[in-house]
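Here the structure comes first, spelled out in structure tokens, and everything after it is commentary.
The values are calculated or read from the model by the stated rules, or taken from the named source; none is laboratory data. These numbers come from a predicted model, not from an experiment. Counting neighbours? That spans all protein chains shown, and the Cβs are built from the backbone with ideal geometry, glycine included.
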Amino acid sequence: MKKFAVLGHGVVGSGVVELFYKNKANIEKHAGSEMDIKYILDLRDFPDSPYKEKFTKNFDDILNDDEVTAVAECMGGVEPAFTFIKKLLENGKSVSTSNKELVAKKGDILLKTAMEHNCNFFFEASVGGAIPIIRPLHRCLAANDITKVAGILNGTTNFILTKMYNDNMPFDEALALAQKLGYAEKDPTADIEGHDACRKICIISSLVFGKHVYPDSVFTKGISDIQLCDVSSADMLGYSIKLIATVSRNENGKILPVVMPMLVPSENIIAGVIDVFNAVLVYGDGIDQTMFYGRGAGKLPTASAVLGDVIESVKHNVTVFSQSWDSAEDDSFIDTVENFKARWYLRTPSANTPSTGIGNTYDVHEDGSEYAFVTEEVLTFAQVKNIAEEVKAIAVMPVLD
Ligand code: HSE
């Protein structure tokens, strides 16, 4: 019998408990062993829970119980999660987490601790919710030279942008609905300002390129200033607006991770990814392109990924070395965002015409006061900033080609 504990009984933690007991027989078959949850850690009381006897408020009950060999961390935030996980790993207990903020900020330290104590720190649920992406990147795709990863990594913003596009729903109303459905973070700033997607692209960048990429090193812009008129102008020009997180290795050998709202051509498969769904495109020399798609947020989708890792923890009693990266002494291996290249969407007052080729234009308002266009040329961020200044652009976004 393998026993595990669940830290936190919020949306994801309660989903882990629910899905485990729903599919216990099947999970045990995959794990090759009988399994049970011994503890659920939460400071709140759950007197009506069918599992109320498993609740504890004392972390040491879990830390000091030799019967517990694996732990699912679903508390979120850096502290006390970091301190708890480090102690668990030092005691040889493998930990599976859905906590992207923690992995993005402290993953290198926890991976090293797991290695030193012959156990595992798994984090499949931290990127893309239900989508298997971490394990495929370091296992199934390990034979490739991966040069770029790009995609939609935040369900809340994709849900909001879909509501704006399909239903003409104002931003605030769509955000309130996402919160009601349990998609958004406790503080929705992390979703709408791109911090959540930033953390996820940090994790992917670190895993793919082998050095820890910290959130502070990543240019991040969210969707809070996107107007309904940008959504409709982009549509008329043949694009959908999506919050895209991307990392690529540039010609100078440096990597460039960024998070920005981008215009996705309507024929691109990513444009059809709607609601809370996420999609990740991986580019490698063997595979060309492979896309991973699924529910990127929500109780059971995230719980599915956490439990997949718990099952792996039960099966593996040695550290999985391929799922690791080094700490970074500085961020000199990260390119400046000024070198980010794309074609660009600009919305600008009609009186101003730029000196660059602009292709089709679209009159944004009936009174002809503003127009929108996409540059014909690929330009760096540094170049487009000059053009934006020249035409007094109101909105500037890259195109994902
Ligand atoms: N708030 C996150 C999202 C949850 O909307 O994608 C999953 O990480």
For this session: Scan the range 270-277 and give yes if some residue there is in a strand (DSSP E or B), away from the ligand (no atom under 16 Å from the Cβ) and either without any contact (Cβ under 8 Å) to a residue 24 or more places away in the chain or crowded, with 19+ Cβ neighbours inside 10 Å (or both), otherwise no.
Result: no
For this session: Could you give me the residue pairs with C-beta distances under 6 Å whose first residue belongs to the range 143-169 and is at negative phi and without any contact (Cβ under 8 Å) to a residue 40 or more places away in the chain, whose second residue is charged (D, E, K, R) and away from the ligand (no atom under 12 Å from the Cβ) wherever it lies, and which are 6+ apart or on separate chains?
Result: 169/163
Exercise. Taking the range 46-67 as the search range and keeping residues that are in a loop (DSSP other than H, G, I, E, B) and of a type in the set (Phe, Trp, Tyr), which one is farthest from residue 5 (Cα to Cα)?
Worked result: 46
Problem set entry | Count of the range 202-260 residues which are among the acidic types (Asp, Glu) and under 22 Å from the mean Cα position of the chain (by Cα) | 2
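Every residue, every condition in (1) closer than 18 Å to residue 272 by Cα; (2) outside any helix (DSSP H, G or I), yes or no:
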residue	(1), (2)
141	no, yes
150	yes, yes
166	yes, no
177	no, no
197	no, no
206	no, no
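Among the listed residues 33, 49, identify the single one that is closer than 17 Å to residue 309 by Cβ and surrounded by fewer than 16 Cβ atoms within 10 Å (Cβ to Cβ).
Numbers: 49 fails: closer than 17 Å to residue 309 by Cβ.
None of the other options fit; the residue is 33.
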For this session: Can you work out which of the residues in the range 335-366 that are among the acidic types (Asp, Glu) and either under 13 Å from residue 383 (Cα atoms) or surrounded by fewer than 17 Cβ atoms within 10 Å (Cβ to Cβ) (or both) is farthest from the chain's Cα centre (by Cα)?
Result: 366
Exercise. What is the number of the single condition among (1) among the hydroxyl-bearing types (Ser, Thr, Tyr); (2) within 30 Å of residue 115 (Cβ to Cβ); (3) modelled with pLDDT of 95 or more that residue 293 does not meet?
Worked result: (2)
Seminar exercise, completed: From the option list 242, 180, 254, 221, single residue qualifying as surrounded by 24 or more Cβ atoms within 10 Å (Cβ to Cβ), at negative phi and among the charged types (D, E, K, R) is 242
For this session: Tell me, yes or no, whether the range 301-321 has at least one residue that is touching a residue at least 60 places away in the same chain (Cβ under 8 Å), farther than 25 Å from residue 195 by Cβ, more than 16 Å from the ligand (Cβ to nearest atom) and part of a strand (DSSP E or B).
Result: no
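Of all residues in the range 116-139, which are assigned to a loop (DSSP other than H, G, I, E, B), within 13 Å of the ligand (Cβ to nearest atom) and over 14 Å from residue 208 (Cα atoms)? Steps first, please.
First, pick out the residues of the range 116-139 that are assigned to a loop (DSSP other than H, G, I, E, B): 117-120, 123, 127-133, 139.
Now restrict to residues that are within 13 Å of the ligand (Cβ to nearest atom): 123, 127-131, 133.
Residues satisfying the conditions are 123, 128, 129, 130, 131.
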